[in-house]
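Read-outs throughout are calculated quantities, based only on the coordinates presented, and are distinct from any laboratory measurement. From a predicted model like this one, the values you see are computed outputs, not experimental measurements. Here the Cβ is made from the backbone with ideal geometry for all residues, glycine too, and neighbour counts use every protein chain on show.
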Amino acid sequence: MKLLHEHSICSAKAAAYNRAIEPGKFLPVLLLLFLSMVILLLPVSAQAAISLTVSGDGVSNPRTFSEADLLDMELVQQQYSTINTWPTKKMIVAQGVRLSDILEQAGITDEAKLIKVKSRDGFVISFTVQQLLDDTRYFYPGLKENHEYFGYINGSEAGASPVPTIIALKSAESTDFGHMNDKEAPLLVLGQRWISEQTNQVFVKMITDIEVSTSQPGKWDKPTFSPSVGEVPVGTLVELSTTDMDGDNIYYTLDGSDPGIESPIYNWIKKRWWKDRESELASINRPIEIKGNITIKAVAIGFGKEDSDIISFDYQVLERPPELIADSSQNELGQGIDISFIDDPAWRAAISDVKVNDQSIAGKYTLAEGIISIDASVFTQAGDYEISVLAPGYVQARVSQNIGTLLMPPPELNADSSENEVGQGIDISFIDDPAWRAAINDVKVNEQSIAGKYTLAEGIISIDASVFTQAGDYDIRVWASGYTQARVNQNVTARVVLQNPVDDQEFSQGQKISIQGIAKGVLSLNLKIVDPQGEVVYGPVPLTIIDERFESSYSLSSTAKTGVYNIVLEAPSLSAPLSSNFRVKSSTGGGLPPDEDVVLTISGDGVSQTRTFTLGQLEKMEQHQEVYSVINTWPTKKWYVGEGVLLDDLLDEAGIKSSASLIKITSMDGYSITLTASELLHERRYCFPRFKEGGSDADGHIPGSSAGKRPVEAMIALISAEGTDNPSYMDDLNSLLFMVGQRAVTEQTGNLFVKKVNRIEVSTTTPPTWDIPRADPGSGEIEAGTLVKLSNNTMDDDKIYYTTDGSTPTLESSMYNPIASRWWTAREDDLERINHAIEINEDTTIKAITIGPGKKDSKVATFTYRVKPAPSNTTGTIKPNKDNTISLGNEAKLDIPANTLATEVEVSIRKVDSPPAVPGGFKLLSSVFELEVDGKSSYKFKGMVSLTLKFDPAQLEEGQTPSIFYYDDAVNQWINLGGTVKGSTITVQIDHFSKFAVMARELGTELSDISGHWAQDNIQYLLANKVIGGYPDGSFKPDKTISRAEFVTILVKAFALDRKEEPSFADTENHWAKDYIATAVGNSIANGYNENSFGPDDLLTREQMAVMILNASQLPKLTAKLSFSDQEEISPWAREALAALTGHGVMKGYPDNSIQPQGQASRAEAVTVIVNTLKLVE
């Protein structure tokens, strides 16, 4: 009987779907019927409404598609093959709308080059139009041939069929269309251009936006080679790389042909996974071994950019020379030496030079059979000499020779005689000689230095396990100053472990036996199975070894002999075959059900027995249902719901030991996570029903509420659903799925949810400890506003938690690095905003700790900061021919580009003690700063300079926008300059000095006199674009007249006119609008009355306004005749302008059919004419 426990369902809604059914209790039929009706009537967990917006300059008809719009279009249903960046093979079924149909409705243009697809959680991926729409993409039904999961083992391309790129409304990771649901809709799904192409990473879930651009795509950086082109020894390993190694793949050829999408891939494992797959990286992203003269060609190909240029590298193989042996006689100064070698006539004949300490000694050496004799004159002082012999076509031969020093004999080295297997360190022993041990300067294994991979102790040299990667004999040499070389040969044997089946395990006739194990240092391994009568019933067959693991299976026939069978594993590098046995009983005599595979194995020295489970066995165990709140490392918030067996119950079945300390959970595709037994089994974990509060699903960095948290337990789910708390969505597509709760509402656990689990290893190994956080800058005295950055060695699954109040940090404290390092490239634009530095404005103590899965928490790091008193002014000398920066602490900064000054000057920034009053309806967010040049605030720059001011974001309310204002002394008014906000700073470009400050309009305060005014909308439009501003008393005075200078200033800002340096008029020389007038005149927008007079303070007439507007906008001129009652009053020079503006509807006459050309324009009229014109020319 299957028993279901709904254990600690998190949300009230999920709890309503099912009620706990306690085993053995009787439930009345009526109650069951009632509960069934409740389940049927409850709504499905809500999915956000589909809204897909297509925009950009690459479409002529931008539009937003609703779900109904998409459903009205032609739907296609298709199966897709795909590989992700781990890499794992997957099959996807999907139903949706062709992307080409959607883009056609949006009017995609021929000029479109790039398509950017954005998800609800902020994930963005780009494609070239060629990649997404023009290249033919396929479904490969044979993708999983040769290996079901490992993406780096190519399947078969036979039977490939073209498939469209679609926006899926239903999909599933499955081959069964019946499994499809809408949880990830709308989902971008596309085929592969070749069977090896990795595409799953660009299947964008929950798409909200598609932006089509005419921008020219970039190009991927071309690959680089190490070592670079040239002569190399046989066996040299060539590594390929690019600056990215994540969004791009390197494709290469070895036959001289040009590489492309169908060529071998070098970097199967993408950079984001390198830390997780460190031990497997070299065997999958495998360097290319040089075995002969060869040309390697490579190209970088990836989404969103054009392919890189093809790069070509030629390698010529060098033969290995004989080993040189130093002269061991008593070599004193004034004597020549003889370097010996096993004679190789071909090499000896090829010798072209001998160098001593990198200096040629041509003419000072002679060659004979097995001897290089070097003249005594080469050795002018006692010491060690590096001798190298050069011969074309050969690797350089080298030896170290001591002169003038009597070399002592070293102690004899003894090989490690214990069971030395690949993957284990070895200990070389010797009769201890402290002087020799102290003189050791290097250890070489097979002529390669292993510096950093050995340790010395009394009578022992311990060499790290990583040195011995293959079974065989290793030549170990120890170098010590003043001693001859010590040498020993060490044999290392292969390590082969059969993990499944376990010894003496019992099976039934007709059952399939899964054979799994570890093989380290073995290049080939053969398997055979011997029946109870000694007959070989299977094999010998070669086993494929991948990532030091092998897998196979053998199916017993229904009439298989009963009794003890032997599994025999043989390899040349094994000293003896490895043998294990299993028992076969009659199918009627118990044991496992026939034909049922083992789906889960629990093993390791942390359990008393290896325990295997079939799916049927798991289904018969007590079942529990849980809802989990989950945050991933992007970070995004989502629900999971699952039903299965508690991890505790499974570990109890295997007899978990009290000494168990590490638990590793591994997927069929090799993905694994490790947790400490303490964090997984002994610390309370929860579901937080309100964890999504405080932001959207995409805001995983914003802490939700921990209120109402409920305990949940880790489980292996047989059925589950992602992105919902609704159990009706559950299926077995990710079975077996490891699921776990959060210890705190901010804890990221999404990376711990392992799909398709097939192995759990329990170890008694002591867990390592996370590295302690670092701070930059470290403790000390700092300026106010200093940004402190925290870091550690990984910054990925591990998180830095910190406090600034002196308390000890825990999981409940602030998290410093919500975005894991694997996503830093993809989230470059968000990184500083989310993983933000800690700003110090007062004396502060930061305490920080690293917490993450699989290791003990780090020690707490403490950083103490004392804030220097803030300066009130600063002065700097500015050189005209170089870029200059002057800062007042972190509160104000001027960036002055080269050549914006005519001469060397002194520039000062000072805080103003008694600044002008803040305008009504605004609040001050910073100090007020006065900028001066040589003590004057009226300096004029030749170009624009950048001013950055710091403000306090905490003073801003939602909806408020900070702006930089400057004080115009001529009109005693603060003028809004706007600015670009970044964090707690705002930057503007300025061309003159004055007083500056950061302000924001108070919420709920509007200009007091525009509500209901006929020009209200136009006034607010220019206000929002920071072209105009109100008066300090909070009014705009829309009906007040406007001067020529005021109107010219608005025009220059509204049309963003290029700055001009025109000679000033006599009456504008000292006018506040001098620069704006010069720019307007220089751009042929306005003219003066004569060479000396502009009349800046004269009131603007309507016909003057018309002429300036026409000049600024360049609207087409019209020939229509004017028909206003007072048209005779229009000046001849203004008739063409008024005809054009009234013809275009920019200006209108009055109700009495007059145009009043000589009348004075009001501020409202001026604003309206500008807005009307902008709408026509935009």
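Numbers for the structure displayed
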{"item": "Net charge, Phe1065 excluded, C-beta distance under 10 Å - Lys, Arg +1, Asp, Glu -1", "result": "-3"}
{"item": "Rounded if a/c under 1.5, otherwise prolate or oblate - the stretch 613-761, Cα gyration tensor axes", "result": "prolate"}
{"item": "Relative contact order %, the stretch 337-403, counting alpha carbon pairs below 8 Å whose residues are six or more apart", "result": "35"}
{"item": "Qualifying GluC sites (Glu not before Pro) for the stretch 408-445 [loop in DSSP, other Cβ within 10 Å: at most 12]", "result": "Glu412, Glu419"}
{"item": "Helix 1044-1054 axis, angle to the chain major axis (alpha carbon atoms, nearest 10°)", "result": "20"}
{"item": "Cα gyration tensor, the stretch 774-867 - rounded (a/c under 1.5), prolate or oblate", "result": "oblate"}
{"item": "Between the stretch 1005-1027 and the stretch 1064-1128, the Cα center-to-center distance that results, in Å", "result": "24"}
{"item": "Whichever lysines have a C-alpha closer than 27 Å to that of Lys1148, once near sequence neighbours (fewer than 8 apart) are set aside", "result": "Lys1026, Lys1037, Lys1040, Lys1053, Lys1117, Lys1121, Lys1175"}
{"item": "Of (i) 1.05; (ii) 1.33; (iii) 1.00, the label for Rg/Rh (Cα atoms, Kirkwood Rh) derived from the coordinates", "result": "(i)"}
{"item": "The stretch 942-997 and the stretch 746-815: distance between their alpha carbon centers, rounded to Å", "result": "38"}
{"item": "Potential lengthening between Asn446 and Thr562 on full extension [0.36 nm per residue; Cα-Cα distance subtracted]", "result": "36.7 nm"}
{"item": "In the stretch 874-938, trypsin sites (Lys or Arg not before Pro) in a DSSP loop with at most 11 other beta-carbon atoms within 10 Å", "result": "Lys882"}
{"item": "Around Lys528: net Lys/Arg minus Asp/Glu count, Cβ-Cβ under 14 Å", "result": "-3"}
{"item": "Computed over the stretch 426-492: relative contact order in percent, which uses C-alpha pairs under 8 Å that are six or more apart", "result": "35"}
{"item": "Two-site label geometry, His836 and Leu523: point separation in nm, points 7 Å out along Cα→Cβ", "result": "5.8"}
{"item": "Distance between modelled label sites at Asn972 and Ala368, nm, 7 Å Cα→Cβ extension", "result": "10.9"}
{"item": "Pairwise FRET efficiency - Leu787 versus Asp432, Cβ, R0 = 51 Å, nearest 0.05", "result": "0.45"}
{"item": "Rounded Å value of the spacing that divides the Cα centres of the stretch 195-221 and the stretch 328-358", "result": "61"}
{"item": "Close Lys-Lys pairs in the stretch 51-213, where close means Cα under 19 Å and separation is 8 or more or interchain", "result": "13"}
{"item": "0 to 90° range, to nearest 10: angle between helix 1163-1177 axis and the chain longest Cα axis", "result": "50"}
{"item": "All lysines inside 21 Å of Lys585 as judged from Cα atoms, apart from same-chain residues fewer than 8 positions distant", "result": "Lys512, Lys528, Lys561"}
{"item": "Segment Gln335-Thr808, length gained on full extension (0.36 nm per residue, minus Cα span)", "result": "163.3 nm"}
{"item": "Sum of -39500 (n - 2.57) over DSSP H runs of 4+, divided by residues of the chain (222 nm, nearest 500)", "result": "-3000 deg cm²/dmol"}
{"item": "Relative contact order of the chain, pairs being alpha-carbon contacts under 8 Å that are 6 or more residues apart, as %", "result": "6"}
{"item": "Cleavage-rule hits, chymotrypsin sites (Phe, Trp or Tyr not before Pro), the stretch 500-558, DSSP coil, Cβ neighbours within 10 Å at most 13", "result": "none"}
{"item": "Overall form of the stretch 242-323 per C-alpha gyration tensor (a/c, 1.5; a/b vs b/c)", "result": "oblate"}
{"item": "Degrees, to the nearest 10: 1132-1143 long Cα axis against longest axis of the chain", "result": "50"}
{"item": "Estimated distance in nm for a label pair at Thr825 and Lys940, the labels positioned 7 Å out from Cα along Cα-to-Cβ", "result": "5.1"}
{"item": "Charge context of Asn293, other residues only, Cβ under 15 angstrom, K/R +1, D/E -1", "result": "-3"}
